[in-house]
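To start, the structure under review is shown below, and the notes come after it.
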Amino acid sequence: MTQQFAVIGSPIAHSLSPRIHNAIFEAEGRDAHMRAIDPVTFEQLTSDLERWKAERTFEGLAVTAPYKPLIAALEGERSDEVALLEAANTLTLRESEPVSGDGVFWQIDNTDVAGFTHAVQQLLSPLKYRTFVVFGTGATARTIIYALIAHDAALIQVVGRSQEKARACIEPFESWQQSRAHKTELIAASAPAGKRFDCAINATTLGISAHDELVFPVSWFAEYAATVFDVVYRSTGTTRLVASARQRDIRALDGRAMLYGQAIEQARIWGAHSSSKELMDVIEQAIDKE
């Protein structure tokens with residue numbers, strides 16, 4: 001019987017995850033298939049998850065905006081990253097030991113941490129002692145902050161719609177840092193400081209549509225950002241943010257690099273046995289076919 005997987009989000013039509021994971025399944029000779037689902041509402045997804053678990057509909061689920069906090073709050077077995085970040089992007093159905101009740105539970109993971117690290121290191125390496133400005137205060141922003149602190153960034157300024165939202169975003173990390181030898185300076189702001197950063201990061205959903213406004217003005221690039229990373233990607237081409245940066249000879253990457261890195265981690269959780277290089281080759285070939 002074919003194993004079923006899905007990627008969940010809203011919007012989800014642009015997602016490359018089905019193409020990526022189906023290519024991995026085929027390369028590994030696995031009878032499995034991934035499809036995309038837009039639950040439309042949080043209530044509908046909550047209901048669906050209960051039914052899918054009871055009926056054992058899916059072996060695994062990839063989850064994107066805006067449902068990552070909801071997934072993290074599910075009853076199940078959480079990774080340390082999920083517990084701290086209160087955001088998850090991967091669900092795996094596991095058998096209980098010993099089997100009792102419905103006999104299954106959700107394993108809840110966040111592979112975005114590894115995915116972002118894989119991506120940003122293509123722009124900056126090492127990350128230690130570097131400075132970053134992160135636009136956004138949601139689940140993806142928290143994941144990025146976590147990854148940067150773990151790699152000993154010197155400074156992270158978080159820019160939100162309000163100082164209060166930015167402050168709430170960084171608060172969990174201040175106590176987490178107490179046991180760390182290296183302390184990353186965390187700053188909450190409603191607008192970026194007039195200083196140069198090693199990397200400016202869009203951690204919002206702005207950019208999925210070609211008509212979306214830029215998360216920060218084009219005039220800001222040359223003076224303040226040495227490199228640019230956009231967590232958003234589009235099914236074809238790149239985002240306006242990345243295109244605008246590259247037109248000004250600023251090194252920039254869109255969210256495909258993060259997507260590929262986190263997909264490899266997901267594939268491993270779901271049983272892939274190929275090496276990281278082999279999996280990356282499969283992913284790149286699958287995307288290049290289109």
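The values are calculated or read from the model by the stated rules, or taken from the named source; none is laboratory data. Here the structure is a predicted model, which means the values were calculated and not measured. With ideal geometry, Cβ positions are generated from the backbone for all residues, glycine too; neighbour counts draw on all protein chains shown. Surface areas here come from the heavy atoms of the whole protein model, side chains and all, with no ligands, DNA or RNA. Shrake-Rupley method; radii C 1.70, N 1.55, O 1.52, S 1.80 Å.
Overview of results
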{"read-out": "Karplus-derived HN-Hα couplings along the range 131-138 (A = 6.51, B = -1.76, C = 1.60, θ = phi - 60°), whole Hz, x at Gly and Pro", "value": "10, 9, 10, 10, 9, x, 10, x"}
{"read-out": "Using a Förster distance of 35 Å, the FRET efficiency for E223-I287 (Cβ separation, nearest 0.05)", "value": "0.55"}
{"read-out": "Computed over the range 7-144: relative contact order in percent, which uses C-alpha pairs under 8 Å that are six or more apart", "value": "20 percent"}
{"read-out": "For the range 228-290: accessible area per residue (Å², 1.4 Å)", "value": "47 Å²"}
{"read-out": "Rounded accessible area per residue of the range 134-211, 1.4 Å, Å²", "value": "43 Å²"}
{"read-out": "Cα pair count fraction exceeding 15 Å, expressed as % - the range 7-86", "value": "62 percent"}
{"read-out": "Ranked packing of 198-209, 134-145, 270-281, most packed first, by mean Cβ within 10 Å", "value": "134-145, 198-209, 270-281"}
{"read-out": "Förster radius 22 Å - calculated FRET efficiency between M1 and E26 (Cβ-Cβ, nearest 0.05)", "value": "0.80"}
{"read-out": "Scaled radius of gyration (Cα, divided by 2.2 N^0.38 Å) that the range 71-140 gives", "value": "1.46"}
{"read-out": "Amide H contacts of T90 (H built 1.01 Å from N, under 5 Å, at least 5 apart or other chain)", "value": "V63, D109, T111"}
{"read-out": "Cut-off under 5 Å, modelled amide H: who pairs with S274 long-range", "value": "none"}
{"read-out": "Identified option (computed Rg/Rh (Cα atoms, Kirkwood Rh); candidates (1) 0.97; (2) 1.02; (3) 1.05)", "value": "(1)"}
{"read-out": "Using θ = phi - 60° and Karplus 6.51 cos²θ - 1.76 cosθ + 1.60, couplings along the range 5-16 (whole Hz; Gly, Pro as x)", "value": "10, 8, 10, 10, x, 8, x, 9, 4, 7, 5, 8"}
{"read-out": "Separation in nanometres of the label points that stand 7 Å from Cα toward Cβ, at K277 and A191", "value": "5.0 nm"}
{"read-out": "Over the chain, relative contact order from alpha-carbon pairs under 8 Å, at least 6 apart, %", "value": "17 percent"}
{"read-out": "Formal net charge of residues neighbouring A153 (Cβ-Cβ distance under 10 Å; K, R +1; D, E -1)", "value": "-1"}
{"read-out": "Kirkwood hydrodynamic radius of the range 153-290, Cα pairs, Å", "value": "17.1 Å"}
{"read-out": "Fraction of antiparallel bridges per DSSP, the range 52-117 only, in percent to nearest 5", "value": "75 percent"}
{"read-out": "Simple spin-label estimate for E164 and V40 in nanometres, 7 Å along Cα-Cβ", "value": "3.3 nm"}
{"read-out": "Built amide H within the under 5 Å cut-off of V232, gap 5+", "value": "G255"}
{"read-out": "Mean Cβ neighbour count within 10 Å, used as a protection proxy, ranking 75-82, 211-218, 86-93 highest first", "value": "86-93, 75-82, 211-218"}
{"read-out": "Potential lengthening between E171 and R251 on full extension [0.36 nm per residue; Cα-Cα distance subtracted]", "value": "25.7 nm"}
{"read-out": "Percent RCO, i.e. relative contact order, over the range 169-273, from Cα pairs under 8 Å lying at least 6 residues apart", "value": "21 percent"}
{"read-out": "Lys pairs, the chain - Cα-Cα below 26 angstrom, 8 or more residues apart or on other chains", "value": "9"}
{"read-out": "Spacing of the two label points (7 Å from each Cα toward its C-beta) at A243 and E95, in nm", "value": "5.1 nm"}
{"read-out": "Accessible-area composition of the chain, carbon plus sulfur, in percent [1.4 Å probe]", "value": "48 percent"}
